[in-house]
Amino acid sequence: MKKITTLFFGIFCMLSVANAQMPYLENFEANLATGDASTTFAPSTKAGTWSGGVNLQTDGDAIIGLDKGWSTNLHLLHLTPTSAAVTIPNINVAGYTNLSLSLDFTIAAATEAPKIDASVDGGAWAPLPTVAIGGGWWGLGTGSVALPAAVSTISLRINPTTADTWFDNFAITGTAVATGIAKTGEQVFSVYPNPATNYILTKNAQKVTILDLNGRIVKEAFNSEKVDVSSLAKGAYIVKAQIENATKIGKLIKE
């Protein structure tokens, strides 16, 4: 039981390198009841509720499944050998270079590697060079792979393997170029609570700016210890906090 519980804990660490930012993060949470230990549904029924702000798709709206551990409300994408491939279409990466995909996964076969394809700016699908982590059923691992350069969008297609596979925390990181989101010298700001429903704490911040992933300002606050985010749509946001003489930047997931 302890091994299985450990299996269902995804671990994600934001890169703290100056001006390396996250244009996309999907932790495979949708509009699910907390008691849903295992659930299947057509992707279209969860449109607008994915944490990364991009609706998951399958050919013909085929059923996909989410699982969670016994002691956590965190859901994972579960693909069986007969599952339909799951597509995350048209992720906006405009203005970013040096793109990379990181993910948490476990596969019930020690020699299997995740099978993920990428499509750049609407082009043909090409496989990403992922690797196996070993450990079989019990081996929770974190992988990272470079993505091809894109002008505007990258789509990802998650394919089934010959064994059951669970995925969490699909994150695309990159270096922001002329987007106004990141500048050299900015530091990481730890957003709390995260994910957030009603507010985030911004102690000692003279100014807080929240932007969507297109760089548009959706909220500003001044000299506030707590910023109300209840009116924001569900999805991912960039938080910039001016604290003394430093600008710090972090990622917010709004639920």
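Over 31 Å apart at the Cα level, from the set K68/K207; K46/K203; K203/K254, are K68/K207; K46/K203. Annotation: amide H of K251 within the under-5 Å range of V191, V239, sequence separation 5 or more or interchain, hydrogens built in the peptide plane.
Amide H to amide H, with H built 1.01 Å from N, F41 comes under 5 Å of I64, counting only residues 5 or more places away or on other chains.
Residue by residue, the stretch 202-209 carries 3J(HN,Hα) couplings of 9, 4, 6, 8, 6, 8, 10, 10 Hz when phi is fed to the Karplus relation 6.51 cos²θ - 1.76 cosθ + 1.60 (θ = phi - 60°); x denotes Gly or Pro. Take every pair of alpha-carbon atoms less than 8 Å apart whose residues are at least six positions apart; their mean separation over the length of the stretch 187-254 yields a relative contact order of 40 percent.
With the simple model of a label 7 Å out from the Cα in the direction of the Cβ, S144 to V218 spans 2.7 nm. Packing order of peptides 161-174, 117-130, highest average first: 161-174, 117-130 (average count of other Cβ atoms within 10 Å over each peptide's residues).
Here, each number is a calculation from the coordinates, and none is a lab measurement. Here the structure is a predicted model, which means the values were calculated and not measured. So basically every Cβ, Gly included, is an ideal-geometry build from the backbone, and we count neighbours across all protein chains shown.
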